[in-house]
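The values are calculated or read from the model by the stated rules, or taken from the named source; none is laboratory data. As the structure is a prediction and not an experimental result, all values here were calculated from the model. Virtual Cβ from ideal backbone geometry, glycine too; neighbours counted across all protein chains shown.
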Amino acid sequence: MVDLDWSNLSFSYRETAYNVRCTYKNGAWGELEIHSENTVNLSIAATCLHYGQEAFEGLKAFRCEDGKVRIFRMEDNARRMISSASYLKMAEPPVELFCNAVKKVIELNAEYIPPFESGASLYIRPVLIGSGAQVGVKPADEYQLIIFVTPVGPYFKNGNTGTMSAVIERGYDRAAPHGTGHIKAGGNYGASLTPGMLAHADGYDNALYLDPKEKKYVDECGAANFFGIKGNSYVTPASSSVLPSITNMTLCTLAEEMGLKVERRPIPVEELSEFSEAGACGTAAVVTAIGYIDDPETKTRYSYGDKPGPWCTRLYQAVVDIQHGRAEDRHGWNTVLDL
């Protein structure tokens, strides 16, 4: 194992020994290739640079107490990348190819998997790019699937012990009403940088986006799905512009098993006052409780407490217990490796 301060890692890129690549060319995917360089040689006319043919995923692997390594919901990430590729008219990496590449890159970088007691994880970033050269606006005929890994600590500095703040954003949209919000395209995240930085400049941790058509309903919280607890219900937005978060899917399943009613539906802004807890969920942070949401237009603050509530805490713990092999994996979400 490499010599790192595992317990104090930030959520940032750290170069590792190897990455894995596969090229789609002449109508077929080639063999997996192992690379040690961390750069990509591209044509200046590659479609990823000009026409946004780019999609990515994010997932994690964990060194567990039993010494095994567990990858969480890898096949679901593969299927979501296929959905993104289909919408962007890119070559679709088969699930088997995607999963084999993920397992291979983890095996090659086993020394970078943080130890169990550190609280850190190995973040896995698959990216699919149009590498074929085109000047006209049309899909490429060549694509690259690249998967790299990096050891990471918590996404937010206070981990799951604190809360974050959010401000309702009406001046910017994360995605168009019938655009790419439902897929994991890089352009969605580029569009979020300005409103995100403005929120930070005003002292908030995140921007809370409303639906891009009417500005009446809660959409996403920064780069994460939103959820709220209302009575005995777990409520999360139903919207064509919200990314189908694998973490949120997990939380919905676990919430139902814990006795909560899961409601996927539009959430009017005014309903924020009726939640006892609110949170943002995603691969990087799992669950981050929201302490308060400010609405500058109405001068309203929706407050949920200065520490995670009981449901945010319970749901977060349930997910990480499965990821780390401490709880029964009844749904077969983990892929287990002996490394």
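A few notes on this one:
- Within the stretch 133-161, the set of residues being small (G, A, S) and out of contact with any strand residue (DSSP E or B) (no Cβ under 7 Å at 6 or more places or on another chain) comprises G136, G153, G159.
- The set of residues from the stretch 104-128 being surrounded by 19 or more Cβ atoms within 10 Å (Cβ to Cβ) and assigned to a helix (DSSP H, G or I) comprises V105, I106, Y112.
- Unique residue being touching a residue at least 24 places away in the same chain (Cβ under 8 Å), assigned to a helix (DSSP H, G or I) and aliphatic (A, V, I, L, M) when the list is A207, A166, A175, A199: A199
- E75 meets the stated requirement of being in contact with a helix residue (DSSP H, G or I) (Cβ under 9 Å, 6 or more places away or on another chain) and in a helix (DSSP H, G or I).
- The set of residues from the stretch 78-96 being part of a helix (DSSP H, G or I) and of a type in the set (D, E, K, R) comprises R79, R80, E96.
- Index of the failed condition, S10 passing every other in (1) modelled with pLDDT of 95 or more; (2) under 25 Å from the mean Cα position of the chain (by Cα); (3) surrounded by fewer than 16 Cβ atoms within 10 Å (Cβ to Cβ); (4) small (G, A, S): (1)
- Exactly one residue among E297, E328, E277, E263 is crowded, with 20+ Cβ neighbours inside 10 Å and among the acidic types (D, E), and that residue is E277.
- Only a single criterion out of (1) more than 19 Å from A61 (Cα to Cα); (2) surrounded by fewer than 18 Cβ atoms within 10 Å (Cβ to Cβ) is not satisfied by I290, namely (2).
- Any hit, the stretch 137-160, residues being farther than 29 Å from A45 by Cα and acidic (D, E): no
- Residue in the stretch 184-205 that is surrounded by 22 or more Cβ atoms within 10 Å (Cβ to Cβ), at pLDDT 95 or above and aromatic (F, W, Y) present: no
- Checking each residue in the stretch 36-62 for being within 25 Å of the chain's Cα centre (by Cα) and part of a strand (DSSP E or B) picks out E54, A55, F56, L59, K60, A61, F62.
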